Amino acid sequence: TMKTFKKTEYNDLREEIALGKIQKIVGRTEEMDRLTRIINRSINNNVIIVGLSGMGKTTLVYGWISNMIRQEKYKHLGFIQLGNEHLFNFESNSEEGVVFKGAMSELPPSVIFIDNLGRTVYGNSSLLQNTARLYHDTLKNPEVRVIVTMEPKEYNYIEREYPAFIKLFETIRLK
């Protein structure tokens, strides 16, 4: 399946953490506990983390993943970070888009992390709609969890433009 991702920038976060490339987190235990509870659900197990720039959204996810990979209970999960570039490369109905969706449907149990998704789709309703179509089946797959980050204005934009997309996620707001 991963060879299908050749046109998609991705990082295996298990490898990144093993190589010491991901910083550890101090604090935010309440948010990490909530993230764990959501990810462990069999439905509604996708998460949007909302916070202002510099509040630690990315650090929270990296720290949470660092904690998860050390636990036997989560050894079966893949932890993959996708870059945002793929959202521009695949029209949901194009041949490449269909192949990408097929590859996503064949993923083993995983957590997919897309950082700054809101920044990428903000103000671009056609890209937002394409992203929602591209990820529709993945977001409903109980074996694959998706975590995305965004700022409040981006969240508000998506909620206004495509509320059905937002409803596929549980929202954690950082304070």
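The values are calculated or read from the model by the stated rules, or taken from the named source; none is laboratory data. The shown structure was predicted, so the numbers you read here are calculated from the model rather than taken from an experiment. Cβ sites come from the backbone with ideal geometry, for glycine too, and all protein chains shown count toward neighbours. Side chains are part of the model used for accessible areas, which takes the heavy atoms of the whole protein and leaves out ligands, DNA and RNA. Shrake-Rupley method; radii C 1.70, N 1.55, O 1.52, S 1.80 Å.
Looking only at residues that are among the β-branched types (Val, Ile, Thr) and not in a strand (DSSP E or B) in segment 154-175, which one is farthest from Leu107 (Cα to Cα)?
If we take residues in segment 154-175 being among the β-branched types (Val, Ile, Thr) and not in a strand (DSSP E or B), then Ile158 is farthest from Leu107 (Cα to Cα).
Looking at Arg41, Arg34, which one is open to solvent by 70 Å² or more (accessible area, probe 1.4 Å) and at pLDDT 95 or above?
Answer to the selection: Arg34.
Could you go through segment 129-148 and let me know if any residue there is hydroxyl-bearing (Ser, Thr, Tyr) and open to solvent by 20 Å² or more (accessible area, probe 1.4 Å). Can you show your working first?
Taking segment 129-148 as the starting set, the residues that turn out to be hydroxyl-bearing (Ser, Thr, Tyr) are 131, 135, 138.
Remaining after also requiring open to solvent by 20 Å² or more (accessible area, probe 1.4 Å): none.
So far as segment 129-148 goes, no, none of its residues is hydroxyl-bearing (Ser, Thr, Tyr) and open to solvent by 20 Å² or more (accessible area, probe 1.4 Å).
In contact with a strand residue (DSSP E or B) (Cβ under 8 Å, 6 or more places away or on another chain), in a helix (DSSP H, G or I) and surrounded by 17 or more Cβ atoms within 10 Å (Cβ to Cβ): does that describe Leu60?
When the stated conditions are applied, Leu60 passes them.
Report yes if some residue within segment 101-118 is without any contact (Cβ under 8 Å) to a residue 60 or more places away in the chain, in a loop (DSSP other than H, G, I, E, B), of a type in the set (D, E, K, R) and open to solvent by less than 40 Å² (accessible area, probe 1.4 Å); otherwise report no.
yes
Using the structure shown, decide if Glu85 is surrounded by fewer than 21 Cβ atoms within 10 Å (Cβ to Cβ), among the acidic types (Asp, Glu) and either touching a Ser or Thr at 6+ places or on another chain (Cβ under 8 Å) or under 20 Å from Thr171 (Cβ atoms) (or both). Can you show your working first?
Values: surrounded by fewer than 21 Cβ atoms within 10 Å (Cβ to Cβ): yes; among the acidic types (Asp, Glu): yes; either touching a Ser or Thr at 6+ places or on another chain (Cβ under 8 Å) or under 20 Å from Thr171 (Cβ atoms) (or both): yes.
Spelling it out, Glu85 is indeed surrounded by fewer than 21 Cβ atoms within 10 Å (Cβ to Cβ), among the acidic types (Asp, Glu) and either touching a Ser or Thr at 6+ places or on another chain (Cβ under 8 Å) or under 20 Å from Thr171 (Cβ atoms) (or both).
Hey, could you check segment 52-102 for residues that are over 15 Å from the mean Cα position of the chain (by Cα) and of a type in the set (Gly, Ala, Ser) and say which is nearest to Glu31 (Cα to Cα)?
Gly56
Do we find a residue being at pLDDT 95 or above and in a helix (DSSP H, G or I) anywhere in segment 70-85?
Checked against the condition, which is being at pLDDT 95 or above and in a helix (DSSP H, G or I), segment 70-85 yields no hits at all.
Among the residues of segment 133-153, is there at least one that is touching an Asp or Glu at 6+ places or on another chain (Cβ under 8 Å), touching a residue at least 60 places away in the same chain (Cβ under 8 Å) and either part of a helix (DSSP H, G or I) or not aliphatic (A, V, I, L, M) (or both)?
The answer is yes; a qualifying residue exists.
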